[in-house]
Amino acid sequence: MKIALIGYGKMGHAIEKIAIERGHEIVCRIDADNQDDFESPEFAKADVAIEFTTPATAVANYRRAFSKGVPLVSGTTGWGAQMTEIKQMCDNGDGTLFWTSNFSLGVNIFFAVNKYLASIMEGFPQYTPSMEEIHHIHKLDHPSGTAITLAEGIIGADSRIKGWTEEPARASESEMLIDHKREGEVPGTHIIRWDSRVDTITIEHCAHSREGFALGAVIAAEWTEGRSGWLTMDEMMHSLIARPALLDIVK
């Protein structure tokens with residue numbers, strides 16, 4: 001495949017390394033200082049672009065790629081207020097975007113475990129959930145997109161939980177607390193606790209490096225080729241694993 005990179009920081013470099021190892025060609029690298037390259041013939045001939053930038057720039061990047069007919073794979077979070085608009089563009093045939101809050105295959109397994117545990121805990125009201133997410137100091141948005149996805153999984157599986165908050169004073173039996181920390185170069189840690197008066201049940205996913213996210217993004221780019229519209233990690237996981245029904249334990 002011919003791949004364009006939008007965002008050429010640490011994630012962009014990690015994606016480049018893995019893409020080349022998997023036999024792909026990087027035809028264009030766009031960062032803050034060369035935005036005019038969106039108009040270049042090199043960008044226009046890309047089979048797919050992989051985008052990791054910032055919440056403030058992501059949507060404009062999507063629109064520029066859509067205008068050139070280049071499908072996108074993106075892991076940028078923090079732009080949720082415009083998601084309905086971008087999804088509608090994809091549904092209308094105006095662009096192709098594979099977006100997920102986390103490309104790590106391990107995290108997507110964690111999503112399934114989280115939903116399953118939450119469905120069990122619905123029958124045990126003495127337990128109250130909370131979450132902690134830890135990321136590097138360069139991450140601008142909070143809580144992380146992954147934390148929000150995990151919270152939505154709990155809300156969907158346990159009817160007692162109606163929402164989430166970052167304010168401890170607002171946390172209650174029906175509104176779970178998400179605490180965020182920004183420390184050093186931590187790639188990403190998510191901890192979910194179910195606390196009762198007598199004990200605590202904890203599940204945790206801890207990324208050791210950016211490599212897992214980069215590999216997942218390149219695999220998503222390979223899967224996106226030839227597809228169109230709004231594409232999701234759930235769709236890809238169902239198509240890739242040998243027993244996709246395992247992902248449907250919790251509806």
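The values are calculated or read from the model by the stated rules, or taken from the named source; none is laboratory data. Just so we're clear, the structure is a prediction, and the values are computed from it rather than from any experiment. FYI the Cβ positions are ideal-geometry reconstructions off the backbone, even for glycines, and counts take in every protein chain you see. Heavy atoms of the whole protein, side chains included, go into the accessibility calculation; ligands, DNA and RNA do not. Shrake-Rupley method; radii C 1.70, N 1.55, O 1.52, S 1.80 Å.
Inside the stretch 98-135, can you point out the residues that are touching a Phe, Trp or Tyr at 6+ places or on another chain (Cβ under 6 Å), closer than 25 Å to V218 by Cβ and modelled with pLDDT of 90 or more? Lay out the reasoning, then the answer.
Taking the stretch 98-135 first, the residues touching a Phe, Trp or Tyr at 6+ places or on another chain (Cβ under 6 Å) are 103-104, 121, 127, 129.
Among the residues that remain, those that are also closer than 25 Å to V218 by Cβ are: 103-104.
Result: F103, single match.
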Q: Can you confirm whether the stretch 38-47 contains a residue that is open to solvent by 60 Å² or more (accessible area, probe 1.4 Å), farther than 23 Å from E222 by Cβ and at pLDDT 95 or above?
A: yes
**Q.** Selection from the stretch 80-94 of residues that are open to solvent by less than 10 Å² (accessible area, probe 1.4 Å) and within 19 Å of D47 (Cα to Cα)
**A.** C90
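Given the criteria farther than 20 Å from A220 by Cβ and surrounded by fewer than 16 Cβ atoms within 10 Å (Cβ to Cβ), does E21 qualify? Talk me through it step by step, then tell me what you get.
Values: farther than 20 Å from A220 by Cβ: no; surrounded by fewer than 16 Cβ atoms within 10 Å (Cβ to Cβ): yes.
Considered against the rule, which asks whether it is farther than 20 Å from A220 by Cβ and surrounded by fewer than 16 Cβ atoms within 10 Å (Cβ to Cβ), E21 comes out as no.
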Q) Is at least one residue of the stretch 166-179 in contact with a Ser or Thr (Cβ under 7 Å, 6 or more places away or on another chain), within 26 Å of P125 (Cβ to Cβ), of a type outside the set (K, R) and open to solvent by 70 Å² or more (accessible area, probe 1.4 Å)? A) yes
Q: Please work out which residue is most open to solvent (accessible area, probe 1.4 Å), limiting yourself to the stretch 113-160 and to residues that are in a helix (DSSP H, G or I) and within 19 Å of S74 (Cβ to Cβ).
A: E152
**Q.** Matching residues, the stretch 162-178, being farther than 19 Å from I191 by Cβ and either in contact (Cβ under 8 Å) with a residue 12 or more places away in the chain or in contact with an Asp or Glu (Cβ under 6 Å, 6 or more places away or on another chain) (or both)
**A.** K162, G163, E173, S174
Q: Check whether at least one residue in the stretch 71-79 is more than 30 Å from W194 (Cβ to Cβ) and open to solvent by 40 Å² or more (accessible area, probe 1.4 Å), and report yes or no.
A: no
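Within the stretch 180-202, work out how many residues are under 26 Å from A14 (Cβ atoms) and surrounded by 15 or more Cβ atoms within 10 Å (Cβ to Cβ).
First, the residues of the stretch 180-202 that are under 26 Å from A14 (Cβ atoms): 180-191.
When the remaining residues are screened for being surrounded by 15 or more Cβ atoms within 10 Å (Cβ to Cβ), the result is 180, 186-191.
Matching residues across the stretch 180-202 total 7.
Within the stretch 95-107, work out how many residues are under 24 Å from M176 (Cα atoms), in contact (Cβ under 8 Å) with a residue 60 or more places away in the chain and surrounded by fewer than 22 Cβ atoms within 10 Å (Cβ to Cβ). Talk me through it step by step, then tell me what you get.
Start the filter on the stretch 95-107 by keeping residues that are under 24 Å from M176 (Cα atoms), which leaves 100-102, 106-107.
Of the ones still in play, those that are also in contact (Cβ under 8 Å) with a residue 60 or more places away in the chain are 100, 102, 106-107.
Next, from what is left, pick out any that are surrounded by fewer than 22 Cβ atoms within 10 Å (Cβ to Cβ): 106.
Number satisfying all stated conditions: 1.
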